[in-house]
Amino acid sequence: MHKLLLISISLLAVVLLALAAALSLAIEDRPRIERQVTLTPEHIGRAKRIIDAHRYWVRPGMLAAANITSSDVDLAANYLAHRFGKGSAQVILADGNAVIHLSLPMATIPINGYINLAASVMEVDGKPQLQSVQVGKLMLPDVLTQALALQFMDWLRQSDEYKAGLDSLKRIKLSRNELSIVYRWAGGFSKGMRASIIDKQERERLLHYQSILAANSIRNEAVIPLSEILPPLVRVAAARSVNGGDALAENRAAILVVAFHVLGVSLKRILPEAANWPRAAPQNITLDGRDDFAKHFMASAAIAAYADTMLSDAIGLYKEIEDSLHGSGFSFNDIAADRAGTKFGEKAVISEASALQLQHRVVSGLKDADLMPLWSDLPEFMSAMEFKQRFGGIDTPAYQGMMQKIEQRVAALRVLQ
């Protein structure tokens, strides 16, 4: 018995030493990849064209292809690493293969250092296949790499939405210039797939705020300022945030409900069960007398609250450039509404203290001037030719000076103090 105990202790010690050695090889002092993320209107435009091609041309049962440039694949990977892991990524495409580098700080466990991962993927029979994985200085055996890849695919297929996505993929082609994805569209996302994006707690919050908004819309006028729509919901968010509540989550849900109402879009677009929720009466919601400002503000606030400021800014600028070419024209006052909304959404979720502070600012008395900066002297409705004549482009001192003026005015808004 004594001998068996000694053997067991020895085996445990060997295992612990092996784990410690593996960790020392896997975790490094600094990131191997450290890159900034820059989203431009051109990036948003290319993504929109891919989405529009699918929306307007692809029908159920059709075989379709999406071609994504190698630079956009790299940008998307770096953006996601930055957004969800506060790290950096790099994807290098070549003919028939790709190399992925990823550096993430050790934020979830109390160990200082970085996970630096390098993986190679090859195109095999039209599908990507993981070939090798290195974590720090630790090279995983091929047998283990393949076993982990199979286990990961099995895990994905346990989820209806991921299984449907994988089943729709017919071929993936890797080349130096682009990633080509061939898929057969089944005809839309199932209710379960869309609902799974929003967890049960979030659905409860959205229903709660939608019910309040619906009740208030019946009592209010058909035309109403945004500064009168927000306070009742934020007041409830503040009450639900006390005693250990999640102020960030409450703010997000309230902002999303208001954004959909301002845009005139039903929440059932993202959550099918919302079709049975209380419906708000149609309202024309304005900000400083204009409904387009309210739309810009709330759309940007929702994007910033659920995604991030960088994405919100790029989308807002892209829309203004598109307007200058095909729509009402480039308007700096629309950008002012975008930036104000972005900062509002950012402040609502950046930290617990910031979220509570914003709640206090809104419920203590809100006016449109607290949300929208002075805009009457900002140029608007400029065609592409006029914009180029007056400002030259988005990289010129004239344009940057106008943006600096807008930023200063947004920063001075009372609700953001």
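A Förster distance of 56 Å, applied to the separation of the beta-carbon atoms of ALA53 and LEU148, puts the FRET efficiency at 0.95. Solvent exposure of GLU42, expressed as accessible area, is near 100 Å², computed with a probe of 1.4 Å over the protein chains only.
Put a dot 7 Å past the Cα of LYS137, heading toward its Cβ, do the same for ASP246, and the two dots end up 4.0 nm apart.
Residue pairs exceeding 19 angstrom between C-alpha atoms, taken from LYS295/LYS343; LYS48/LYS388; LYS295/LYS367; LYS343/LYS405: LYS48/LYS388.
The values are calculated or read from the model by the stated rules, or taken from the named source; none is laboratory data. Just so we're clear, the structure is a prediction, and the values are computed from it rather than from any experiment. No Cβ is skipped: glycine too gets one built from the backbone with ideal geometry, and neighbour counts run over all protein chains shown. To get the accessible areas, we keep the full protein, side chains included, count just its heavy atoms, and leave off ligands, DNA and RNA. Shrake-Rupley method; radii C 1.70, N 1.55, O 1.52, S 1.80 Å.
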